Structures are given as structure tokens and as C-alpha cells.
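Student: What follows is a structure written as C-alpha cells; I'll ask about it next.
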Amino acid sequence: MQTIESLARLWDVSLQRRLPGSTCSEVWAGTREGEAVVVKLPRADAEEAKSLPTLRSFSRWGGVEVLASDEETGACLLPRLGHTIDESDLGDDENTRIFAHVALALRQSEKVEAPSFEQFAADAFSSNDEVLSEPLRLISRQVETAKELTLIHGDLHHFNLLWGDGCYVAIDPKGILTDLASEVVAWARNPRPERVTPEKTRRRLEIIADVWGESYGRLWSWAWAGNVISLWWEDPKGSFALADIIRDAK
């Protein structure tokens, strides 16, 4: 089994320090041939351990460049990136346009083996919880009527868009084969859920609809229904107030 140290030796990386913040992977900063890099080793039970094919597929199309990787563990060597888009001073409208263009670029990547949304959210689809009834019906309809199913990031929000070599690039994809419109789910509730309003949600979805050439209704359906499921995952008996706010953007 590979360790951070064995991967560093394999990839000729001089390790410097462990980076905080990741709950699913061990992440270390280092250097290789004078360049700042990151060595990332996912936990064996983490989703990220299975997302390496998606990460590599996205590497040429708006995703972070994969410098080296280990198939067995899902570990990868990446360039050290800069600030998140949340730390930019561009404003919410421009951040949303950048998100939309990155998501559109990822769509051009090669399709790799990945779960469908129904497989990814299998626990929700198999649940009899009444709170999920309408959201699941809406999602099933969106998938059935999608122009095509494409490989999406699945968790593309403000903290997964980092400044790279002259542009923002996506990191940490989950990899789901589904309707492109579903990519709005994580963006709609971030970066601070407590500041989400119907007006802000409506403005974001209008911008994304314009960039993607997608209908507002499809984006709204995913934003609302997807966030009901996300909140249900967090706590089936908890508050769904955030989803109610997004619902009011219809």
C-alpha cells in the first residue's frame, strides 16, 4: 500500500508540509524540479479514491492538470494552485460566469466510467421519505428529457475552483454521468448558505442559463431538488429552509 512518503519517492517530490482542510485525503505540499506541487492520497473509503479517472479526463478541459497518478490508491500529483474563486474580488456575477464556462469546458472531456445520478444518490432513490418524493420525481424527469448525459464534476462550488496558470481550474471532482444542468446544485448553496436569497439564486441561474443555452426551468429544478437531497443527506430530520429559499427563486 502506498503512503505519502512512498509516493513522494516515486514521483521525486521533496515534501514540505501537510496541508490542512481535507477530510477525505492526506494532502502534502512539496516541490519537484523547482515547481510547487501537491501530493494527494485519498482515504481508501473516500469517494475521491474512485474519482481518479474523472480527474484525469478533466485535466485537459478546465480541470487541474494531473502530473502523475497511482491507479491502485487514486493518489495523484498536482501543481500547487492559488486562491479559491471565493477569495477573488470579481463579484458574484463574474464568479458565476466563470463557473458556468468551466463547467461547459468540462463537458468536452472524454466520458469515463462513472455512476449515474440515480446510482450516486441510490440511498435517496430507495428511500420512502415523503420529503424526497417531489424532488426525486423532478430529477427523474430532468434526466429523462436531457439532450445528452455527460460527465459532470458533481461538486463544483466556490472552494473547488482555484486559480491556476492564468485561469480558474476545477479540483476534487466526484464524477457523475448525468444531465449537465445538475452541475448547478452545489453552486446554488455556496459559498455561504446563510446568505442565499431567492434573488441571488435567480440571478445566478439566469447567468448560467445564458452561458449554457439552457432553460431556466431545468436549472431551477436541479438547484431545488438537488439541494433537498443534499440537506436530507446531512440530516433527514433537519431543516430544509435553504431548499425553501431556492424554491422561491422559481
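The values are calculated or read from the model by the stated rules, or taken from the named source; none is laboratory data. What you see is a predicted model; the values in this text were computed from it and never measured. Here the Cβ is made from the backbone with ideal geometry for all residues, glycine too, and neighbour counts use every protein chain on show.
Student: Any chance you could count how many residues in the range 152-162 are among the β-branched types (Val, Ile, Thr) and either at positive phi or more than 13 Å from the chain's Cα centre (by Cα) (or both)?
Tutor: 0
Student: Is there a residue being surrounded by 16 or more Cβ atoms within 10 Å (Cβ to Cβ), at pLDDT 95 or above, under 23 Å from Gln108 (Cα atoms) and assigned by TED's automatic domain parsing to the domain that holds Ser126 anywhere in the range 238-250?
Tutor: No, there is no match, as no residue in the range 238-250 is surrounded by 16 or more Cβ atoms within 10 Å (Cβ to Cβ), at pLDDT 95 or above, under 23 Å from Gln108 (Cα atoms) and assigned by TED's automatic domain parsing to the domain that holds Ser126.
Student: I'm trying to understand the selection: among the residues of the range 147-161, which are more than 14 Å from Glu118 (Cα to Cα) and not in a strand (DSSP E or B)?
Tutor: Listed by number, the residues that qualify are Lys147, Glu148, His153, Asp155, Leu156, His157, His158, Phe159, Asn160.
Student: Checking the conditions here, which among Glu113, Glu71 is in the same structural domain as Arg9 (by TED's automatic domain parsing), surrounded by fewer than 17 Cβ atoms within 10 Å (Cβ to Cβ) and among the acidic types (Asp, Glu)? Steps first, please.
Tutor: On the way: Glu113 fails: in the same structural domain as Arg9 (by TED's automatic domain parsing).
Sole residue among the options that is in the same structural domain as Arg9 (by TED's automatic domain parsing), surrounded by fewer than 17 Cβ atoms within 10 Å (Cβ to Cβ) and among the acidic types (Asp, Glu): Glu71.
Student: Okay, next question. From the list Val39, Val27, pick out the single residue that is under 27 Å from Arg192 (Cα atoms), in a strand (DSSP E or B), touching a strand residue (DSSP E or B) at 6+ places or on another chain (Cβ under 7 Å) and not charged (D, E, K, R).
Tutor: Criteria check complete, one pass: Val27.
Student: Return the residues of the range 36-59 that are surrounded by fewer than 17 Cβ atoms within 10 Å (Cβ to Cβ) and either under 18 Å from Ala114 (Cα atoms) or of a type in the set (A, V, I, L, M, F, W, C) (or both); say none if nothing qualifies.
Tutor: Quick first cut of the range 36-59, residues surrounded by fewer than 17 Cβ atoms within 10 Å (Cβ to Cβ) only: 36, 43-46, 50.
Matches in the range 36-59: Ala36, Ala44, Asp45, Ala46, Lys50.
Student: Of all residues in the range 11-35 being in contact (Cβ under 8 Å) with a residue 24 or more places away in the chain and surrounded by 13 or more Cβ atoms within 10 Å (Cβ to Cβ), which is farthest from Asp165 (Cα to Cα)?
Tutor: Cys24
Student: Checking the structure you have, find out if any residue of the range 58-71 is under 19 Å from the mean Cα position of the chain (by Cα), part of a loop (DSSP other than H, G, I, E, B), closer than 26 Å to Gln108 by Cβ and acidic (Asp, Glu).
Tutor: Looking through the range 58-71, at least one residue is under 19 Å from the mean Cα position of the chain (by Cα), part of a loop (DSSP other than H, G, I, E, B), closer than 26 Å to Gln108 by Cβ and acidic (Asp, Glu).
Student: Would you say Ala103 is among the small types (Gly, Ala, Ser), outside the structural domain of Asn227 (by TED's automatic domain parsing), modelled with pLDDT of 95 or more and surrounded by 15 or more Cβ atoms within 10 Å (Cβ to Cβ)?
Tutor: In short, no.
Student: Here's something else I'd like to know. List pairs: first in the range 226-245 and without any contact (Cβ under 8 Å) to a residue 40 or more places away in the chain, second exposed (fewer than 11 other Cβ atoms within 10 Å of the Cβ), Cβ under 7 Å, 6+ apart or cross-chain?
Tutor: Leu231/Gly238
Student: Does Asp165 fit the bill of being touching an Asp or Glu at 6+ places or on another chain (Cβ under 9 Å), at positive phi, of a type in the set (Asp, Glu) and part of a loop (DSSP other than H, G, I, E, B)?
Tutor: No.
Student: Do we find a residue being over 14 Å from the mean Cα position of the chain (by Cα) and modelled with pLDDT under 95 anywhere in the range 131-141?
Tutor: No, the conditions are met nowhere in the range 131-141.
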